[in-house]
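Step one of this worksheet: look at the structure below.
Read-outs throughout are calculated quantities, based only on the coordinates presented, and are distinct from any laboratory measurement. Computed from a predicted structure; not experimentally measured. In this analysis, Cβ positions are derived from the backbone assuming ideal geometry, glycine residues included, and neighbour counts consider all displayed protein chains.
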Amino acid sequence: MNKSISVIIPNYNYARFLQRRIDSIVNQTVKPAEVIFLDDCSTDDSLIVAEQILSKLDIPYRIIPNETNQGVFKQWLKGIELAQYDNFWIAEADDYCELNFLETLLPAFNDKDVVMSYCDSYIINNNGDIVYDDLHWKNNFFETDIWSNNFIKSGKYMIENFYSIINVSPNASAIVFNKNSLKLDYYNCISNYKKIGDWLFYIIYLSHSDKAKLAYYSNRCNYHVRHDNNVTTISRNDRLPIMYNESLSIYQYCFDNFFLPYLTRSKIYNFISEWLNWYNIDDHTNELLFSIIKKDSGRHFFKTIKQDFFVYTNENSKYLEENKNLTDKNNILIKEIKGLVEENRVLLESNKNLQRIYSHMLKSYSWKFTKPLRLLSLFFRKLINGILRKEENES
């Protein structure tokens, strides 16, 4: 195992971190077979510092400088091409790790289908203070505790449920790769990326074979330094055109090459919408983001949204049918009520007619026929009242 891994150190102006970085590599409990130091035209004394440190070691090394700045992902591809051994580790120059890092990750490759083995990281600032709990955030975001435990899962599963949404292994220093079936031509596209080509690299790497697997260790054996001027903290105006455009092109790649479950697509939509609030995007930038979506992946989003509506329609068809039946029943009841109302209206009208007839009869016949009786009744009432008053006076 001690001759099975090449360590690639991409560097740009990180001379101040090189002693710590190289010490954490060469003092591993499982020694690497070689160190490839790639300097991307640094303006500090990185080359001198690297030579001073590496020349004192008993591990084979190469220092390869660039005459012009090539960018981090071109450096990755160069280092992978130069690596002589089955496994390689891209150890970023500013990060460092526990001395049992390789001892923890390399055993996963006993399974010949494992192509990536990685561990969780402490995310720290320049002073070494922990500034972010990535494991806790991922568990909350995905509503699972998967990141709290070790696992080996298929690359396809990891892409369709996790990597197509966000980069769930955001620090290359935490990963060891197996290059047995690697074809670098597949990965040339990442050289066009400036910020997040690593994310696309992992997706392609995990999908190059149907049998490809990823091994994960919840042990935090890696320390990822997050600087004040890194990708996640540079000014909003600088990062939006690059980060968002690159992210959307990766989403486009995932939509084109994988069958993404509904929940995955939903999280992608939610994640994009959260950018608006997360970065406090103003109206101008909002328009820029919309134009990027429309240009780079709009048709895929709109196509997927249409598919979602189709799924919703199918899922709700029985409810729609039940609602239709209820509507039909309600229509029948409404018709019956209308009939009753109409009957009641007829009865009311008939009653009014009867009232008019009765009134007419009173005014015509009844009054005339009963007039003698009314007069006789009045006479007797007056007579009786007179008799009663006379008796009262006599008493």
If each residue's Cβ is checked for other Cβ atoms within 10 Å, how do 259, 141 rank with the fewest at the top? 259, 141
What FRET efficiency would be calculated for the residue pair residue 385, residue 341, taking the C-beta separation as r and a Förster radius of 56 Å, to the nearest 0.05? 0.55
Please work out how much length the chain gains when fully extended from residue 192 to residue 269, using 0.36 nm per residue of separation minus the C-alpha to C-alpha distance, in nm with one decimal. 25.2 nm
Rounded to whole Hz, the Karplus (6.51, -1.76, 1.60) HN-Hα couplings of segment 111-128, x for glycine and proline: 7, 5, 8, 6, 10, 9, 9, 9, 10, 6, 10, 7, 9, 10, 9, 4, 8, x
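Only Cα pairs under 8 Å and at least 6 apart count here; give the relative contact order of segment 1-156 as a rounded whole percent.
Rounded, it is 27 percent for segment 1-156.
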Proxy exposure order for 98, 342 (fewest C-beta within 10 Å first) is 342, 98
List residues of segment 12-53, by number, whose backbone nitrogen lies under 15 Å from a label position 7 Å along Cα→C-beta of residue 219. 28-31
Which of 153/195; 156/183; 31/153; 179/211; 179/267 exceed 25 Å between C-alpha atoms? The answer is 153/195; 31/153; 179/267
Go ahead and run the numbers for FRET between residue 209 and residue 143, Cβ-Cβ distance against an R0 of 22 Å, rounding to 0.05. 0.15
Counting other beta carbons within 10 Å of each Cβ, put 67, 81 in order, fewest first. 67, 81
Using θ = phi - 60° and the Karplus relation 6.51 cos²θ - 1.76 cosθ + 1.60, list the HN-Hα couplings for segment 161-177 in order, rounded to whole Hz, with x at every Gly or Pro. 10, 9, 5, 6, 9, 9, 7, 7, 10, x, 10, 4, 4, 8, 10, 10, 10
Would you mind classifying segment 134-176 by shape? Square roots of the alpha carbon gyration tensor eigenvalues, ordered a ≥ b ≥ c; an a/c under 1.5 is rounded, otherwise it is prolate if a/b is larger than b/c and oblate if not. rounded
In whole Hz, with x marking every Gly and Pro, tabulate ³J(HN,Hα) for segment 75-83 from phi via Karplus 6.51 cos²θ - 1.76 cosθ + 1.60, θ = phi - 60°. 5, 3, 4, 5, x, 5, 5, 7, 4
Here FRET efficiency (C-beta to C-beta, residue 180 to residue 257, R₀ 22 Å, nearest 0.05) is 0.50
